[in-house]
There are 2 protein chains.
Amino acid sequence: MRLFDFHRAPNPRRVRIFIAEKGIEVPLVNVNLFQMEQLTPEFRAINPGGTVPVLETDDGLYITECIAICRYLETLHPEPCLFGKGASAEAQVLMWNGIIEHEGFHAVAEMLRNWSPGFRNRVFPGPQDIAQMPELIERGRKRSAQFFDRCEQRLLDSQFIAGDRFSVADIALLTLVDFSDWVELDVRASRPDLDRWYQGVSGRPSMGA
Amino acid sequence: MRLFDFHRAPNPRRVRIFIAEKGIEVPLVNVNLFQMEQLTPEFRAINPGGTVPVLETDDGLYITECIAICRYLETLHPEPCLFGKGASAEAQVLMWNGIIEHEGFHAVAEMLRNWSPGFRNRVFPGPQDIAQMPELIERGRKRSAQFFDRCEQRLLDSQFIAGDRFSVADIALLTLVDFSDWVELDVRASRPDLDRWYQGVSGRPSMGA
C-alpha cells in the first residue's frame, strides 16, 4: 500500500492526519503539483482525474476521494474509530464531511484558484483548462463566510463538528481552516466557538502530518 | 422517521430510489422548492443549509446529504447491499459517489442555475443570494462533458459505475443523467457505454420513485 501525496496540498493532508490518528504507516509517493506532475500521462493512468491523494492498495486498486480512502483504512484498522459508532453517529460524520467539502472546500478553493497566478487556467483540479475569473474571488469569499458561520453555529453546542467525538469530519474542517490562510481569511477571529474547537483539535500530535 | 422531499429535485430522488431499492417505506413531507419553502424560518430550523432531502430519524435527528442519509438507511436495512461488500468494494462506491457529486452534479448545476430564470440569485442551494453569471453556463457545459467522458471511459470495462454490482453510486449517476435533460444535454448520444449502462439501470422498478 502507498499514498500518492503532495505535502503542501490540503486534501492529501486530510489523509496523512487520518493515518497518523490510526497509528499506522503508509509509504508516501510525492506528486509535485507545483510542477504539474499530476497531469502527466503516467499519473493520469493512475488517476484520470489528475488529483491527489490516491491510495494504491495491496491488490492494485487506486482509490481517490479522501472520504473513500479514509473509509478503506477505517475498515482495515477500526480503532480508534473515526467514522462514528452506530447509525446515527456515522450519518452525522458523513453529513458534516459532505457539508465541509461541498460548502467549505469549494468556496475557499474558488477564492484561491481564481486569485493566485499559480492556478492560471487551473480553476478546477484535474486536466481541464478553465480560465480564472477575478469576480469569483468575492463570490468565494461570501460563500466561505456563510460556511464558517454555519460551523460556528454548530460548534456553539457541539464539542466536535459531527458530535461528541473527534472524527474524520474534524480532520476535514481543521485542514480547511488552515487552507483558508492561503487566501488570507482569518476565519477564527470573529468566531469564538470555531476558535475554541480549533485550539482543541490543532494540538493533537497527528496534526503535524 | 420521515423524509423532507421535493418530487422534482434530483437529490431527493436519489434517496427515494434508494428507499425503493431497499423495499422499505418512509413517509414523505413535501417542501416546495418552487415556492422557496426551503428558506422559511421553520424549515431552516430543521436544516440551516436550506436544502432537501433531510431525513428525520425516530430519535429526532435531522440528517442532510444524500450519502449520509443512505448510509443511515443501509445500516438499519443492510440488504440488499448498496454500499459494496468489503473494504475495496465499499471504497469504490464512496469514491465514485464523490466523483459524481463533485465533478458531475456541480457542473450540471452550474449550467442550470446560471441559466434558468427560476434560479435567479439562487446560483447555489441554500439561503445565500448570489447572482447568475451567464458566462458560467458554458463553463458548466465544458465541465459536464469532461465528467461524462470520464464515466464513459469507466463504463467501457465496468458493468456498473463502482464495479460489478449495482450501488448507491449508480443511483447518483442515473439521477444526474436525467437531471442533465433540464439543461438540454444529451449525454448518452455520443457515449455508447454510458448509454448501455443507462438502458440497464433505468429499467429497475425503483427508478420510478
So which of A:P53, A:P48, A:P41, A:P27 ends up being within 23 Å of A:I161 (Cβ to Cβ) and not acidic (D, E)? A:P53
Pick out the one residue from B:T40, B:T57, B:T51 that is modelled with pLDDT of 95 or more and in contact with a Pro (Cβ under 8 Å, 6 or more places away or on another chain). B:T51
Given the condition surrounded by 16 or more Cβ atoms within 10 Å (Cβ to Cβ), touching a Leu at 6+ places or on another chain (Cβ under 6 Å), facing another protein chain (nearest Cβ under 10 Å) and not aromatic (F, W, Y), answer yes or no: does some residue in segment B:48-60 qualify? yes
The one condition in (1) assigned to a helix (DSSP H, G or I); (2) among the acidic types (D, E); (3) more than 9 Å from chain B (Cβ to nearest Cβ); (4) farther than 27 Å from B:P125 by Cβ that A:E74 fails to fulfil: (3)
Residue check, B:L94 over 20 Å from the mean Cα position of the chain (by Cα) and of a type outside the set (S, T, N, Q): no
Taking segment A:90-124 and keeping only residues that are farther than 23 Å from B:D149 by Cα and assigned to a loop (DSSP other than H, G, I, E, B), one is left with A:N114, A:W115, A:S116, A:R120
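Matching residues to (1) surrounded by fewer than 20 Cβ atoms within 10 Å (Cβ to Cβ); (2) of a type outside the set (D, E); (3) closer than 27 Å to A:A169 by Cβ:
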position: B:E65; (1), (2), (3): no, no, yes
position: B:H106; (1), (2), (3): yes, yes, yes
position: B:D149; (1), (2), (3): yes, no, no
position: B:E152; (1), (2), (3): yes, no, no
position: B:I171; (1), (2), (3): no, yes, yes
position: B:L174; (1), (2), (3): no, yes, no
Every pair of residues 6+ apart whose Cβ atoms lie under 6 Å, when the first sits in segment B:105-124 and is within 13 Å of chain A (Cβ to nearest Cβ) while the second is surrounded by fewer than 22 Cβ atoms within 10 Å (Cβ to Cβ) and aromatic (F, W, Y): B:R113/B:F119
Can you find even one residue in segment A:67-76 that is surrounded by fewer than 19 Cβ atoms within 10 Å (Cβ to Cβ) and either modelled with pLDDT of 95 or more or assigned by TED's automatic domain parsing to the domain that holds A:L28 (or both)? yes
Answer residue from segment A:81-102, given it is more than 10 Å from every other protein chain (Cβ to nearest Cβ) and within 26 Å of A:F6 (Cβ to Cβ) and is surrounded by the most Cβ atoms within 10 Å (Cβ to Cβ) among those: A:I100
Enumerated strands (runs of 3 or more DSSP E) restricted to segment A:1-56, each holding at least 1 residues that are closer than 29 Å to A:D129 by Cβ and free of Cβ contacts under 8 Å to residues at least 40 places away in the same chain: A:28-30
Name the residues in segment A:173-185 that are in contact with a Ser or Thr (Cβ under 8 Å, 6 or more places away or on another chain) and part of a loop (DSSP other than H, G, I, E, B), would you? A:L185
Search segment A:156-167 for residues that are in contact (Cβ under 8 Å) with a residue 40 or more places away in the chain and pair each with any residue that is surrounded by 16 or more Cβ atoms within 10 Å (Cβ to Cβ) and polar (S, T, N, Q) when their beta-carbon atoms are under 7 Å apart and the residues are at least 6 apart or on different chains. A:F160/A:S167; A:A162/A:Q92; A:G163/A:Q92
Checking B:P127, B:P134 in turn, the sole residue that is more than 15 Å from the chain's Cα centre (by Cα), modelled with pLDDT of 95 or more and surrounded by fewer than 21 Cβ atoms within 10 Å (Cβ to Cβ) turns out to be B:P134
Within segment A:125-172, restricting attention to residues that are part of a helix (DSSP H, G or I) and basic (K, R), which residue is farthest from the other protein chains (Cβ to nearest Cβ)? A:R141
Does at least one position in segment B:22-41 carry a residue that is within 9 Å of chain A (Cβ to nearest Cβ), small (G, A, S) and surrounded by fewer than 22 Cβ atoms within 10 Å (Cβ to Cβ)? no
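The values are calculated or read from the model by the stated rules, or taken from the named source; none is laboratory data. Small disclaimer: the values here were computed from a predicted structure and weren't measured. We place every Cβ from the backbone using ideal geometry, glycine too, and count neighbours over all the protein chains shown.
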